[in-house]
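Shown next, in structure tokens, is the structure this report addresses.
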2 protein chains.
Amino acid sequence: MDNPDQTRPAKTRRQRFDPSSVNDIIGYRLRRTQLRIFQQFITRFAEYDLRPAEYSVLALIAANPGSKQTEIAEALGIKRANFVALINGLEKRGLTERRQPAGDRRSNALFLTPSGEKFVGKANAAQAEFEAECVAKLGGQKARDQLMALLDLLAD
Amino acid sequence: MDNPDQTRPAKTRRQRFDPSSVNDIIGYRLRRTQLRIFQQFITRFAEYDLRPAEYSVLALIAANPGSKQTEIAEALGIKRANFVALINGLEKRGLTERRQPAGDRRSNALFLTPSGEKFVGKANAAQAEFEAECVAKLGGQKARDQLMALLDLLAD
DNA sequence: TATTGTTATACTCTATAACTATA
DNA sequence: TATAGTTATAGAGTATAACAATA
């Protein structure tokens with residue numbers, strides 16, 4: 001049948017909008033999902049006033065104290081020029097600090113302040129909770145691992 | 001052992017950078033993969049001078065000729081205010097046109113021009129080729145379906 | 001009153017070039 | 001010469017408010 005669920009006569013019934021030409025594209029679905037997840041992250045972290053990029057910087061410094069700006073920036077795919085304002089913002093909030101490393105006076109070694117350590121502790125806990133909810137939505141750790149593996153394949 | 005693959009004595013050897021604190025986050029992996037796929041799309045479609053958003057608009061108009069601006073924009077998550085410049089660009093290139101619909105003189109009905117139809121034909125072919133390569137990277141149609149299903153679960 | 005398209009505007013993110021101080 | 005950080009700037013993409021025309 002051509003018009004199985006019609007609610008008006010076929011002649012006057014408006015054709016339903018068909019989004020499949022873009023919805024079935026992997027890249028499009030990827031983008032929509034990513035935007036949604038980031039929006040949820042932003043909402044969730046509003047109380048910390050922390051954007052995804054800011055969280056990722058703090059998490060990387062926490063795991064790699066003393067790293068150079070360029071190292072953190074490159075690991076996150078952020079241009080070093082754009083990283084300056086980002087780290088300035090975190091520094092102004094008293095979360096991070098630049099220290100002069102022994103070997104190379106051109107570079108800045110990045111560290112969390114004591115206040116930053118405490119802040120990251122809470123942020124990491126919130127992120128772990130958010131991550132757990134994502135895993136639950138996917139249907140468990142196995143599905144999560146599958147997704148991560150598929151994303152890796154796609155990114156190669 | 002604490003330092004299994006050391007190439008210098010442990011005392012002076014620099015600790016390897018550890019990106020796992022962000023790399024293991026679903027949303028982060030999602031974003032990096034999406035950016036990579038979009039970059040590949042942009043490179044692939046450079047000869048058509050077509051960005052992802054522009055392609056998605058053309059594809060939706062092709063599948064839903066006569067749609068209102070707001071319908072296309074909403075389907076793609078684009079604010080109608082921002083859609084104006086986008087559709088103006090496509091119209092100036094002679095690919096789409098606004099026609100006055102019978103019922104409602106406030107709205108514009110969007111159509112492809114004959115030139116636009118030809119252009120979309122080529123763009124769809126290029127997209128199909130790109131999509132096939134993505135599916136191949138994932139390991140086949142079954143893996144592709146798995147990925148799409150997981151993304152849907154995550155987006156709910 | 002509400003909706004459609006539009007303009008203006010601002011804010012974020014990203015990209016490039018050029019400068020400085022060090023190496 | 002090359003590298004690390006910085007500044008300035010320009011371009012996308014996105015968000016909101018307000019307006020005219022029409023419903």
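Nothing in this text is a laboratory measurement; each read-out follows from the coordinates by a stated rule. Bear in mind the structure is a predicted one, so any value in this text is a computation, not a measurement. Note: ideal-geometry Cβ built from the backbone for every residue, glycine included; neighbour counts use all protein chains shown.
How many residues are surrounded by 15 or more Cβ atoms within 10 Å (Cβ to Cβ) and either more than 12 Å from every other protein chain (Cβ to nearest Cβ) or assigned to a strand (DSSP E or B) (or both) when one looks only at segment B:127-138?
Residues flagged as surrounded by 15 or more Cβ atoms within 10 Å (Cβ to Cβ) and either more than 12 Å from every other protein chain (Cβ to nearest Cβ) or assigned to a strand (DSSP E or B) (or both) within segment B:127-138 amount to 0.
Are any residues in segment A:91-107 in a helix (DSSP H, G or I) and surrounded by 15 or more Cβ atoms within 10 Å (Cβ to Cβ), and if so, which ones?
The one that is in a helix (DSSP H, G or I) and surrounded by 15 or more Cβ atoms within 10 Å (Cβ to Cβ): A:E91.
Could you look through segment A:26-64, keep only residues that are charged (D, E, K, R) and not in a helix (DSSP H, G or I), and pick out the one that is surrounded by the most Cβ atoms within 10 Å (Cβ to Cβ)?
So the residue we want is A:R51.
Would you point out which residue out of A:E91, A:E74, A:E133 is under 30 Å from B:D156 (Cβ atoms) and out of contact with any Phe, Trp or Tyr (no Cβ under 6 Å at 6 or more places or on another chain)?
Going through A:E91, A:E74, A:E133 in turn, the sole match is A:E133.
Among the residues of segment A:96-135, how many are of a type outside the set (F, W, Y) and under 21 Å from A:F41 (Cβ atoms)?
19
Among the residues of segment A:22-41, are any away from DNA strand D (no atom under 13 Å from the Cβ), in contact with an Asp or Glu (Cβ under 6 Å, 6 or more places away or on another chain) and over 30 Å from B:N64 (Cα atoms)?
Looking through segment A:22-41, none of the residues is away from DNA strand D (no atom under 13 Å from the Cβ), in contact with an Asp or Glu (Cβ under 6 Å, 6 or more places away or on another chain) and over 30 Å from B:N64 (Cα atoms).
In segment A:108-126, is there at least one residue being surrounded by 15 or more Cβ atoms within 10 Å (Cβ to Cβ), at the interface with another protein chain (Cβ under 9 Å from one of its Cβ atoms) and under 30 Å from B:L153 (Cα atoms)?
yes
Let me confirm something: among B:L86, B:L58, which residue is within 13 Å of DNA strand C (Cβ to nearest atom), on the phi < 0 side of the Ramachandran plot and more than 9 Å from chain A (Cβ to nearest Cβ)?
After ruling out the rest, the residue left standing is B:L86.
Looking at (1) within 13 Å of DNA strand C (Cβ to nearest atom); (2) closer than 18 Å to B:V22 by Cα, which is the one condition that is false for A:Q127?
Among (1) within 13 Å of DNA strand C (Cβ to nearest atom); (2) closer than 18 Å to B:V22 by Cα, the lone unmet condition for A:Q127 is (1).
Report yes if some residue within segment B:75-88 is more than 11 Å from DNA strand D (Cβ to nearest atom), touching a residue at least 24 places away in the same chain (Cβ under 8 Å), in a helix (DSSP H, G or I) and in contact with a Ser or Thr (Cβ under 7 Å, 6 or more places away or on another chain); otherwise report no.
yes
May I ask you to verify whether B:R93 is within 11 Å of DNA strand D (Cβ to nearest atom) and over 20 Å from A:G27 (Cα atoms)?
no
Taking A:Y28 and the conditions (1) more than 8 Å from every other protein chain (Cβ to nearest Cβ); (2) among the hydroxyl-bearing types (S, T, Y); (3) away from DNA strand C (no atom under 15 Å from the Cβ), which numbered condition does it fall short on, given that it satisfies the others?
The single condition A:Y28 does not satisfy is (1).
Among the listed residues A:F111, A:F130, which satisfies the condition of being aromatic (F, W, Y) and without any contact (Cβ under 8 Å) to a residue 60 or more places away in the chain?
Checking each option against the conditions leaves just A:F111.
Anything in segment A:65-90 that is crowded, with 16+ Cβ neighbours inside 10 Å and either small (G, A, S) or over 19 Å from the mean Cα position of the chain (by Cα) (or both)? List them, or say none.
If the condition is that a residue be crowded, with 16+ Cβ neighbours inside 10 Å and either small (G, A, S) or over 19 Å from the mean Cα position of the chain (by Cα) (or both), then A:S67, A:K68, A:Q69, A:A73, A:A75 are the ones that fit.
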